[in-house]
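The values are calculated or read from the model by the stated rules, or taken from the named source; none is laboratory data. Keep in mind the model is a prediction, meaning the values are calculated, not measured. Cβ: placed from backbone, ideal geometry, glycine included. Neighbour counts: every protein chain shown.
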């Protein structure tokens, strides 16, 4: 088929050009960011460094001062290399089940994130299917769905934790509920749009077969909504992660990225705080990448388009 | 499985496949009522190839949609295979080909053709067998695993015809199926369709706004006029059944085409 050959060759070129041409800009931005970070560290730690040097009492010049700003034990802004060392020590340098291990904390947070993500996605899909099929739900539910997201999660999270704690749910339970609460929204919005995306002709076709409502859903509306689903899932998983971390803040939780962040800020351990922050960012990027991978596979099974 | 699908082709006997008497349809719009169809009387017999021709707004597509129970008439009577259009639709009495292929882009060609068979609950092997046979009839054997975007517009429309024929309906409703295609592709598909009709002899109701297409394909040409949509004339065509594109240069073809044009002019279609 000439149409295919003509179609795929430029696509491949385009992909190659895109991925090859992206490395340099991304690296440049990274180098600039790190440079800004170091400069920032010098200024942010300036006063602390002066105090530190004065305490030691020997004479010092600008060179010693700058050196000190970058090597403080308790800096206001730790340098990238200090954070890197902290990251190394708290991941590779610790047994995985130790409470000092960030891998341990990440796994605690990730488990509530994933449970919440699955619950939220299912809830979001059910709501979308209801809203698309039942006119009453469209009118009655949609305003509530939108209203639910106008309440700041920081306000509602402690209530969820306390209420669920009173009826015996602690740990993963309340945290994943908070995750699900944040995560269902983009799924509902995306799926409603997706389930309504079939063209009148595609719907008329089903009518000429006198297809049942369920068949229209499974054979037309659902598959038509898949391209709308994945962007929602990407937003959903990052929101679920935020939800899990926020859920760990008010509980005084002993474990999880949120607990580490709280601990870091209580005791002024900025290096530990930054390490935890970077781990959280890494978790978000990794989960989004996994969803991208699933999307690519699904896309392939659907003929590479749509 | 529905009874009608298994029923022999001539069960209806002398009854017409489509029988409309005094059929009318008025749409209520914010700007007042619009008469889409008025006093439509026609009986279409088994195995006929009927073209509905007329300028846009003459109700030819609406008439097809009434037959297909995609829109309900507001006056008169109509039967499809001896039942109401609604029952005929529930019995899956007809295959419908739209103006656009309306293929599902996430399904490959074979699975697009199998769509009606899936809805009807046929077993997997039977679906595959019928899809293969149906694709062969439109000359697309070997394209089963291609996806719609890999096919040209003409090929996509052939897939949609194969899909409409996959469950072997005795009635094919075609709504300007080749309207969006270039003339060469269109000629080619006309020959295909005529050949298919000669071999399997379904009843075909074909909406078009092309005079040569109507004359070339049809055994009867229904000329319609707009505002209100009504039937002006019904013209019989006696072109030989084994005609090819060359028939369009014969005197008889030009005579019939002229007759159609005169009828359209009578309806002020050229004003």
Which of the following residues is closer than 21 Å to residue B:65 by Cα and not assigned by TED's automatic domain parsing to the domain that holds residue B:245: B:157, B:150?
B:157
Tell me, please, whether a residue that is more than 9 Å from chain A (Cβ to nearest Cβ) and without any contact (Cβ under 8 Å) to a residue 12 or more places away in the chain can be found in segment B:95-103.
no
When the residues of segment A:163-184 are filtered to those that are surrounded by fewer than 22 Cβ atoms within 10 Å (Cβ to Cβ) and touching a helix residue (DSSP H, G or I) at 6+ places or on another chain (Cβ under 9 Å), which remaining residue is farthest from the other protein chains (Cβ to nearest Cβ)?
A:165
The lone condition residue A:106 fails out of (1) under 16 Å from residue A:274 (Cβ atoms); (2) without any contact (Cβ under 8 Å) to a residue 12 or more places away in the chain; (3) assigned by TED's automatic domain parsing to the domain that holds residue A:157 is (2)
Any chance segment B:40-56 includes a residue that's surrounded by fewer than 23 Cβ atoms within 10 Å (Cβ to Cβ), modelled with pLDDT of 90 or more, within 14 Å of chain A (Cβ to nearest Cβ) and closer than 29 Å to residue B:266 by Cα?
no
Taking segment A:185-235 and keeping only residues that are within 14 Å of another protein chain (Cβ to nearest Cβ) and assigned to a loop (DSSP other than H, G, I, E, B), one is left with A:197, A:198, A:199, A:209, A:210, A:211, A:212
Considering only strands (runs of 3 or more DSSP E) fully contained in segment B:8-121, which possess at least 3 residues that are more than 20 Å from residue A:207 (Cβ to Cβ) and touching a strand residue (DSSP E or B) at 6+ places or on another chain (Cβ under 7 Å)?
B:18-29, B:32-44, B:49-53, B:75-80
Residue among A:244, A:147, A:211 that alone is buried (at least 17 other Cβ atoms within 10 Å of the Cβ) and either under 30 Å from residue B:164 (Cβ atoms) or without any contact (Cβ under 8 Å) to a residue 40 or more places away in the chain (or both):
A:211
Test set (1) within 22 Å of residue B:200 (Cα to Cα); (2) more than 10 Å from chain A (Cβ to nearest Cβ) - residue B:92 fails condition number:
(2)
